[in-house]
Amino acid sequence: MSTVANNLVTPAQSLPPAKAGAGVQPVPGGGAEGGSADGAIGPDGLVADEQPEHDALLSEDWIALSDPDLSGLELQLVQTAMSGSRLTYGPMVARFEASFARWLGRGHAVSVASGTLGTWLALRALGIGPGDEVIASPHGWHQVAQAVTLAGATLVFSDINYWTGCLDPVRAAAKLTPATKAILAGNVNGHPAAWAPLRALADAHGIALIEDSTEAIGSRYQGRMVGTFGDVAVFDFSQPSALACGDGAMVVTDNEKLAIELRYLRQRSVKDRNAIAVGARVPLQAGISELSAAMGVGQLARIDELLTRRKEIEAIYLAEMSSFEGIKPPYIGQDVDEVHFMVWLVHLGTRFTASARKQIVEDMAANFIETAPYCKPLHQQFHYQQLGWKRGQLPLAERIGDRALALPFHAQLDVDEIRFLVGTLKDAATNVGAGAAIY
C-alpha cells in the first residue's frame, strides 16, 4: 500500500467545451466541477455532453455503500402484515407510528413515503407557501430542502459550519427578512446541528424551526436525541439509514393540531370520499405500506442493537484510518453527546478537486468498492442557478461539496473489508496525484 504525501498537487481536470445546442444555457458558476464560470447546463440539469448517471445494481463481489441489517424478526413481521386484509394503511402502520413516537418521546408520529415528501407536508401543515421564505443549508445527502420549492415558498440558502456540515446559526441570522417563516436545519451525516442557538433564533423571531433528521437517528445533543428539537422533525428510512425499511419516513411533532393536518394531507381517507372540501387542501398519496411499516417496527425494536453494531464498525474505521497520513478522526461538536454516522465520511484535503474525487470514486469502483460524493450543493443545481444562485456565494458548503467522499458504512462489513477499502483509498489518492489531508 502506498503512503500518501500531503503536498502532492493534482491539477483540476476540466470539462470539454460546451457545444451550442437547443436548451443549453450558460449559467454563472455552473461548471460541473464548480471551478468554471462559463459552464453550460441544460434544462435537464446536465452539463453539455454529460450523460445522466443511474445507480447500478451491484453484484455480491462489491463492498456496498450500505447494506441493511435485517433479521428474522423483520421477516416475521412482514409475513404477519401480508396475512392481513390491509396492505395500505393498517394496523402495522399505526403500530410503527405509535412505537416511534414513544421511543423518541414525541407526542405524534406520522409516517410518509420519503423525507422530502414529509418536509413538503410539514411546510404545508405550517401554512408556508408562496410569498414566504425558508432559510436552509444547500448541503446534505437527501437534500430535503427542495421541499421548500415544491411548497411554492422561496428557499434562502445559508452557509454551513465547516466542521459539522450543519447550518450555521450566525450565518442563518443574517438571512432573516420579514418574509422568513421558518428555518430548516439538518443533522448532517448523523451530527446534530447547534440546536440551542437555532431554537433561540427561531423563538426570538416567532418563526418555525423544522428539524431535518433524515441523515440521523440516535445521535444526542445536550442529553436529548435528534428529532426532539424542531417544532416538527423529519426522519428518512431509505438506505443508507441505520433504520432501513426500503422506503419511508416519519414526521414527528408535539403539536396535536399539526399532527391532524399532517395526517389529512398525507393521503385521502376513505371516510373523506364524499367530502366536497378536499380540493381546498389537496391531500397526497404519500403514505407507506404495511410491509414497509412492518420492517420499520422490527428495525425499531432492534435499534439499540443496530446502533451498537455500527459503533463497532466505526471503531474499526478509526483504527484503520489512523495509518492514513493526514486523516483525522471525525469532528464532534460542542454540546454533542453522541453521534451515529449515516455513512463514513472522508474530507479530502484542499489540494483535491472535484475532478480528483471523481477519479477516486472510479478507482474505488474498479476494485468493486462503492463510494460516492456526499453532496452536490443545492445552490449549484440548475433550478437554483436559474434563480440567481451561483458558485462563490456559499464557499464553505462548496468546499465540502467538492471534496467530501462517502465510504461504505454498515453492519455487514468486517475488519478485512475495511482494511482493504482503506488501503485502496490510499492508493487511489496517490494515483490521482494529490496528497491527502483532511479539512
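Nothing in this text is a laboratory measurement; each read-out follows from the coordinates by a stated rule. As the structure is a computational prediction, the values presented were derived from the model and not from experiment. Ideal geometry is used to build each Cβ from the backbone, glycine not excepted, and the neighbour counts take in all protein chains shown.
Among 381-393, 106-118, sorting by the average number of other beta carbon atoms lying within 10 angstrom of each residue, highest first, gives 106-118, 381-393.
With contacts taken as Cα pairs under 8 Å at a separation of at least 6 residues, the stretch 72-301 carries a relative contact order of 28 percent.
With R₀ set to 56 Å, the beta-carbon distance separating residue 82 from residue 331 gives a calculated FRET efficiency near 0.80.
Peptides 359-369, 241-251 ordered by packing proxy, namely the average of other Cβ atoms within 10 Å per residue, highest first: 241-251, 359-369.
Packing here is the average count of other Cβ atoms within 10 Å per residue, and on that basis the peptides 396-408, 86-98, highest first, run 396-408, 86-98. When the square roots of the Cα gyration tensor eigenvalues are ordered a ≥ b ≥ c, the ratio a/c for the stretch 217-256 is 1.5 or more and a/b does not exceed b/c, which makes its shape oblate.
In this Cβ point-charge picture (+1 for Lys and Arg, -1 for Asp and Glu), the stretch 72-301 has a dipole of about 520 debye about its Cα centre.
When all alpha carbon pairs of the stretch 303-431 are counted in 5 Å bins from zero, the resulting P(r) reads 2, 9, 18, 20, 19, 14, 10, 6, 2, 0 %. The length gained by stretching the chain between residue 98 and residue 311 to full extension, at 0.36 nm per residue less their Cα-Cα distance, is 74.0 nm. Shape descriptor for the stretch 142-205: Rg over Rh equals 0.94 (Cα atoms; Rh from the Kirkwood inverse mean 1/r). Using Cβ point charges alone (K and R +1, D and E -1), the dipole size of the stretch 328-439 about the Cα centre works out to roughly 660 debye. The residues neighbouring residue 94, those whose beta-carbon lies less than 15 Å from its own, together hold a net charge of +3 under the Lys/Arg +1, Asp/Glu -1 convention. Each Cα pair of the stretch 72-301 feeds into the Kirkwood radius, which the Stokes-Einstein equation turns, at 25 °C and 0.890 mPa s, into a diffusion coefficient of 138 µm²/s.
Backbone phi angles across the stretch 70-86, fed through the Karplus curve with coefficients 6.51, -1.76 and 1.60 (θ = phi - 60°), yield HN-Hα couplings of 10, 9, x, 5, 4, 4, 4, 5, 5, 5, 5, 5, 5, 7, x, 8, 10 Hz in residue order; Gly and Pro are listed as x. When the alpha-carbon atoms of the stretch 342-381 are used, the pair Rg, Dmax equals 11.2, 33 angstrom.
Pairs of lysines in the stretch 303-431 whose Cα atoms sit within less than 20 Å of one another amount to 5, provided the residues are eight or more positions apart or on different chains. Compared with the direct C-alpha span, the chain from residue 414 to residue 304 gains 37.7 nm at full extension, assuming 0.36 nm per residue.
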